[in-house]
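Participant: My questions all concern the structure below.
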Amino acid sequence: MTSMLSRRSLLKAGAAGLAASALPLGFARAQTPIVLGAVYVGPRDDFGWNQAHAVAMDILKQVPGVTVIEEEKVPETDAVAQSMESMINLDGANLVLATSFGYYNPFVVETAKKYPNVQFRHAAPLWNEATDPKNAGSYFCYLNQAHYVNGVAAGLSTTSNKIGFVAAKPIPSVLSNINSVLLGARSVNPAATVQVIFTGEWSMPVREAEAANALIDAGCDVITCHVDGPKVVVETAETRGVKSCGHNASQAPLAPKGFITGAEYKWETIYKIYADALAKGEALPNFIAGGYHNDMLRNSAFGAGASPEAVKAGEAAIEALKAGKPIYVGPLKDNTGKLVIEGSMDNYDPVLDGMNYLLEGVVGSIT
């Protein structure tokens, strides 16, 4: 894999310029039609991961000269290779967006080798500059920044000081979201804690409901999550009369009484960069990543579950993140008492990509 350091350097040096070039509806006319093929592992209206990508595709559909082809519920098997080849051979796709983690290797890699004149981009930082095809690449958004805002708002909206977190798997990106919620909450409410339950799967609605209920039974009065489709978690919280923060896309319609805010990807910023480059006949970047500083994230509009103080503090936190305020400022210990962060860390420091701990203040275990 391309080193985290080189990817982060690329991000810091070039992301602002890339984002600035992505004018929403100002694409140059291309002699070759722009056909974007998007493949989703689940339904495009799942109120989660897949919907976040589909929302971006809906925006691109309004751009003159851009055609969008979508296929949903495609498993992480040979089926995705067949879907991508169909988009290329039948629909003329010149850029294929593979949006699920398990699509990349071997399916994106091998299909890119087979079709060297088609561009392939995958929604996870897995592209390896040394070994992978040059017509492939990765894109990624650091959603923990928006989860930090969730934490700020949750910390001022809880009365029990207990925030519940339903998580899929203890991998670095998930752990970063959990820890960022804690740090956001404690920045405004030092008594706040986060209790986490891992389900072991990205999509397991029954377990997700059980976990949410268990957290509520333990006294958590704000529930959030990192699973592919947060629908069940947010609906369970609303049914039980507790507040919720969202993940991936907006779940506001599911919780009209208790929704506070949510961490959302803004994939359209990246997809506009790709479409603009294709329209101009320019090479697509092999790696794009970012967060609040280059318009690749947003928080859902504040809902009825957010107190006025929470709204004000959450909005201030967003502006601070845009200006580069660090989330991880040491000394910080994990919840076993080990010092894990000594000083202040830039939000894009590559060390954070290897996160393998839960901070002090998080109740739960990764083992």
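Participant: Being among the charged types (D, E, K, R) and either under 23 Å from the mean Cα position of the chain (by Cα) or under 29 Å from A124 (Cβ atoms) (or both) is the requirement here; does K325 meet it? Please lay out each step first, then the result.
Facilitator: Details: among the charged types (D, E, K, R): yes; either under 23 Å from the mean Cα position of the chain (by Cα) or under 29 Å from A124 (Cβ atoms) (or both): yes.
So K325 passes the test.
Participant: For A112, which of the numbered conditions (1) open to solvent by less than 20 Å² (accessible area, probe 1.4 Å); (2) touching a helix residue (DSSP H, G or I) at 6+ places or on another chain (Cβ under 7 Å); (3) part of a helix (DSSP H, G or I) fails to hold?
Facilitator: Exception for A112: condition (2).
Participant: Would you say A191 is out of contact with any Ser or Thr (no Cβ under 6 Å at 6 or more places or on another chain), under 25 Å from P230 (Cα atoms) and among the aliphatic types (A, V, I, L, M)?
Facilitator: On the way: out of contact with any Ser or Thr (no Cβ under 6 Å at 6 or more places or on another chain): yes; under 25 Å from P230 (Cα atoms): no; among the aliphatic types (A, V, I, L, M): yes.
The answer is no for A191.
Participant: Among the candidates G48, G42, G65, G37, which residue alone is small (G, A, S), modelled with pLDDT of 95 or more and not assigned by TED's automatic domain parsing to the domain that holds H247? Before the answer, list the steps.
Facilitator: Values: G48 fails: modelled with pLDDT of 95 or more; G42 fails: modelled with pLDDT of 95 or more; G65 fails: modelled with pLDDT of 95 or more.
Only one candidate passes the filter, namely G37.
Participant: I need a count of the residues in the range 208-262 that are closer than 21 Å to A185 by Cα and acidic (D, E).
Facilitator: Looking only at that region, the number is 3.
Participant: Right, here's the next one. G281 is checked against (1) on the phi > 0 side of the Ramachandran plot; (2) modelled with pLDDT of 95 or more and fails just one. What number does that condition carry?
Facilitator: (2)
Participant: For the range 146-170, enumerate the residues that are assigned to a helix (DSSP H, G or I) and either hydrophobic (A, V, I, L, M, F, W, C) or in contact with a strand residue (DSSP E or B) (Cβ under 6 Å, 6 or more places away or on another chain) (or both). Lay out the reasoning, then the answer.
Facilitator: Pass one, the range 146-170, residues assigned to a helix (DSSP H, G or I): 146-155.
Passing the criteria: A146, H147, V149, N150, V152, A153, A154.
Participant: Assuming N213 fulfils every condition listed in (1) closer than 28 Å to E309 by Cβ; (2) out of contact with any Cys (no Cβ under 8 Å at 6 or more places or on another chain); (3) in contact (Cβ under 8 Å) with a residue 12 or more places away in the chain apart from one, which condition is it?
Facilitator: For N213, the failing item is (1).
Participant: Looking at the range 279-289, can you tell me whether even one residue there is small (G, A, S) and within 21 Å of S173 (Cα to Cα)? Lay out the reasoning, then the answer.
Facilitator: The initial filter retains those residues of the range 279-289 that are small (G, A, S), namely 279, 281, 283, 289.
From what's left, within 21 Å of S173 (Cα to Cα): 289.
Yes: one or more hits.
Participant: What number goes with the only condition from (1) without any contact (Cβ under 8 Å) to a residue 40 or more places away in the chain; (2) open to solvent by less than 10 Å² (accessible area, probe 1.4 Å); (3) of a type in the set (F, W, Y) that F107 does not pass?
Facilitator: Every condition holds for F107 apart from (2).
Participant: A further question follows. Of the numbered conditions (1) more than 30 Å from L182 (Cβ to Cβ); (2) of a type outside the set (G, A, S); (3) assigned to a loop (DSSP other than H, G, I, E, B); (4) touching a helix residue (DSSP H, G or I) at 6+ places or on another chain (Cβ under 7 Å), L126 fails exactly one; give the number of that condition.
Facilitator: Among (1) more than 30 Å from L182 (Cβ to Cβ); (2) of a type outside the set (G, A, S); (3) assigned to a loop (DSSP other than H, G, I, E, B); (4) touching a helix residue (DSSP H, G or I) at 6+ places or on another chain (Cβ under 7 Å), the lone unmet condition for L126 is (1).
Participant: Can you confirm whether R44 is of a type in the set (K, R) and open to solvent by less than 40 Å² (accessible area, probe 1.4 Å)?
Facilitator: No; evaluated as a whole, the condition is false for this residue.
Participant: Since L182 meets every condition but one in (1) closer than 12 Å to G364 by Cβ; (2) in contact with a Leu (Cβ under 9 Å, 6 or more places away or on another chain); (3) surrounded by fewer than 23 Cβ atoms within 10 Å (Cβ to Cβ), which condition does it not meet?
Facilitator: Single failed check for L182: (3).
Participant: Next question. Within the range 265-310, how many residues turn out to be touching a residue at least 60 places away in the same chain (Cβ under 8 Å) and open to solvent by 20 Å² or more (accessible area, probe 1.4 Å)?
Facilitator: 14
Participant: Of these, G241, G200, G219, G229, which one is in contact with a Pro (Cβ under 9 Å, 6 or more places away or on another chain) and assigned to a loop (DSSP other than H, G, I, E, B)? So that I can check it myself, show each step before the final result.
Facilitator: Working: G241 fails: in contact with a Pro (Cβ under 9 Å, 6 or more places away or on another chain); G200 fails: in contact with a Pro (Cβ under 9 Å, 6 or more places away or on another chain); G219 fails: in contact with a Pro (Cβ under 9 Å, 6 or more places away or on another chain).
None of the other options fit; the residue is G229.
Participant: Moving to a separate point now. For a quick check of your reading of the model, give me the residue pairs whose first member lies in the range 155-167 and is at pLDDT 95 or above, whose second is open to solvent by 10 Å² or more (accessible area, probe 1.4 Å) and aromatic (F, W, Y), with beta-carbon atoms closer than 9 Å and at least 6 apart or on different chains.
Facilitator: As it stands, the answer is V166/F198; A167/F198, since those pairs meet every condition given.
Participant: Among the residues of the range 321-367, which ones are open to solvent by less than 30 Å² (accessible area, probe 1.4 Å), out of contact with any strand residue (DSSP E or B) (no Cβ under 7 Å at 6 or more places or on another chain) and among the hydrophobic types (A, V, I, L, M, F, W, C)?
Facilitator: L321, I327, M355
Participant: Of the residues that make up the range 171-183, is at least one among the hydrophobic types (A, V, I, L, M, F, W, C), touching a strand residue (DSSP E or B) at 6+ places or on another chain (Cβ under 7 Å), outside any helix (DSSP H, G or I) and farther than 15 Å from C245 by Cα?
Facilitator: For the range 171-183, residues among the hydrophobic types (A, V, I, L, M, F, W, C), touching a strand residue (DSSP E or B) at 6+ places or on another chain (Cβ under 7 Å), outside any helix (DSSP H, G or I) and farther than 15 Å from C245 by Cα: absent.
The values are calculated or read from the model by the stated rules, or taken from the named source; none is laboratory data. Here the structure is a predicted model, which is why all the values come from computation and not from measurement. Ideal geometry is used to build each Cβ from the backbone, glycine not excepted, and the neighbour counts take in all protein chains shown. Just the protein is used for accessible areas: all its heavy atoms, side chains included, with ligands, DNA and RNA removed. Shrake-Rupley method; radii C 1.70, N 1.55, O 1.52, S 1.80 Å.
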